1. Are any of the residues in region 541-552 buried (at least 24 other Cβ atoms within 10 Å of the Cβ) and not in a helix (DSSP H, G or I)?
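The values are calculated or read from the model by the stated rules, or taken from the named source; none is laboratory data. Keep in mind that what you see is a predicted model, and the values were worked out from it rather than measured. Virtual Cβ from ideal backbone geometry, glycine too; neighbours counted across all protein chains shown.
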Amino acid sequence: MRSPKLAALELRRFGRGRLPRAALVAVLLLPLLYGALYLWSFWDPYSRLDRLPVALVNEDRGATAGGERVRAGDDIVAGLRDSAVFDWREVSAEDARAGVEDGRYYLSLTLPGDFSHRIASSEGDTPETGALRVRTNDANNYIVGQISRTVFGEVRTAASTKASRAFLDKIFISFSDIHGETVKAADGADELKGGLGKAEKGSQDLADGLKDAKEGSGDLSSGLRKLSTGASDLEEGSAKVAEGTRALADRVNGIAGTVGPFLAANERGIGDTARSVADAAGTIRENLGTLEKRAPGAATQAREAHDRLAGTYRTRCETPAPGDGAEPADGPDPVCAELKPAVAAAAEVADLADGLDTLVSDRADELERLDGHLADLERQAGALAGHAPRLSEDLDDAVTRINALDKGAGEVAAGAEKLHRGLGTAETGAVDLDTGVGDLKSGADDLSGGMFKLVDGSGDLAGGLHDGAARIPDYDRAEREDRTRVMADPVRLASESLYKAPNYGTGFAPYFIPLSLWVGAMVAYMVIAPLNRRALAAGGSAWRIALAGWLPVLAIGAAQVTALMTVLHWLVGLEPARTAGTVGFLFLVTGCFAAIVQWLNARFGAAGRILVLAVLMLQLTSAGGTYPVQTSPGFFAAIHPFLPMSYVVEALRRLITGGGLGPVWQACAVLAAFTLGALALTALSARRKQVWTLDRLHPELSL
């Protein structure tokens, strides 16, 4: 009898009563308990976290920062309520502690009283970190604790981001303020540069001017030295003048005291005399011409008269009388006594006449000058005659003026003395001034050099400030929003899932579906013999016996796959990326698992059922269905490549979630190899079963 016919007969056996039919239904539905029911129980647990009661304690008292009230705790509480992550219940700190302890709350979140104060401290000198206190109790539920750490990590990140955004916004505002002030400083530096340029020019002009001033102060010092010397001479001269004017004033006052009364009494006579002198001078001038004409004749006549008179005197008075020459007895001649002075006078007249003649003939030019002098005398005498009636008054006026001159000369002398002393002081000051101007000139030269450096430095300063202002950002409100958002949360996880599982159940389906199919095969061989007894008794071929025991379970496995995928798809919501491929691949999986379970049962009998469970445990722990196998101990990583479920899980992930089919084809090849190998081993076991031994007749363990 062929193997398919034997398999049909084996399946037909389940229709002969209620209990076999019930057993068949149980075998068909049992994978649902492991697959559909288990996946359904935690298909999407994260969407129901809002059912978990969690204590929320808000003790935050708020704070003030920058003149604004900060209530970070209230903001976080409002955000948590809007998020609906957990069933938040605001309670007191004591209630939260007791609730976590006795299991009424899975965990608690506490916002301390100084939370806002610590957040606001980022603007102060001693910034502090705000702390959110989370209390968990793994005795209530370990997974909830793990979930809470993830959730509260996001809460912490959100709170930190919000605080950072406020802090960074102020920084960017400060950048804008710094930019504006730097621009002002740069403009001021430009103005400073211009002012320093003018100051530099002014300092140069000052240096040049002080150079001229130095020369002038030197000239001033020399000039004042000369002036001081001249003032000394002036002082001596003015003192002498004062003495002279004093003496003159004394003499004039003395003469005026004597002459004044005389002039007052003789003004008329003086006037008449002056008039007579003027007339005489005029007469003399008129007779000068006559004198020039008559002088020679008068000289001759005078000389002749002298000679005659002298001859007469000699004849009468000097010639002795005849006899002894003695004088006459009657005494000297009185004529001679009179004649002798006359002779002498005649001689003088003759001499005068000769001198006058000589004068007139030899001093003609002088006579002309005499005429001029006589003209002046005549004029001045006439003027004197005119002033004679006022001579006393003029004398008094002259005396007054001379006294005033004396007083002024005294004052001039005193002023000259003061001038001399002042010029001495001025000379000393001029020397100090010259020295000071020299120092000023040196300082001005240094100032000019320093101002030149300042001009260069101010240019560098202005350029640097303009460059700095260009580099300092100046953000408007929109730019600040963008930049604070980015800098407050600068690193985002750019998560890109090529083939994303929509929920928790879909992600674990590749793990639990093969688990349920293995259990289905294991249970199927609890009600179906791994080796067909009829075929064994008939002595059929080993391969026919193996196939006869494998095909019924394969058919049941196909039914299990159909039922499981129907429930998962239509009731639970599994949406495989490749539905047909998934179902077809599961048919291959159930055939492979059936062949392996058949061999273990056929080869080891009752002990094979225990081995089936052991192999299942090894596959579950090494398949990497929950955590990557690299995170498991080395033993499980070592056996991972040698167990079929490792390839089944990987292939189902690609078929259900999506991705390349390379692992699927590899899994198909591996499963086919495991199937053929298991069937070959089962055939070998069937071959052995055809030989009866005492062990088979009396097995040590009968199940």
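1. No - not one qualifying residue is present in region 541-552.
Results for (1) in the same structural domain as Leu39 (by TED's automatic domain parsing); (2) assigned to a helix (DSSP H, G or I); (3) touching a helix residue (DSSP H, G or I) at 6+ places or on another chain (Cβ under 7 Å); (4) crowded, with 22+ Cβ neighbours inside 10 Å, shown as yes or no for each residue.
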site: Asn601; (1), (2), (3), (4): yes, yes, yes, yes
site: Ala614; (1), (2), (3), (4): yes, yes, no, no
site: Leu655; (1), (2), (3), (4): yes, yes, yes, yes
site: Gly660; (1), (2), (3), (4): yes, no, yes, no
site: Val670; (1), (2), (3), (4): yes, yes, yes, no
site: Ala673; (1), (2), (3), (4): yes, yes, no, no
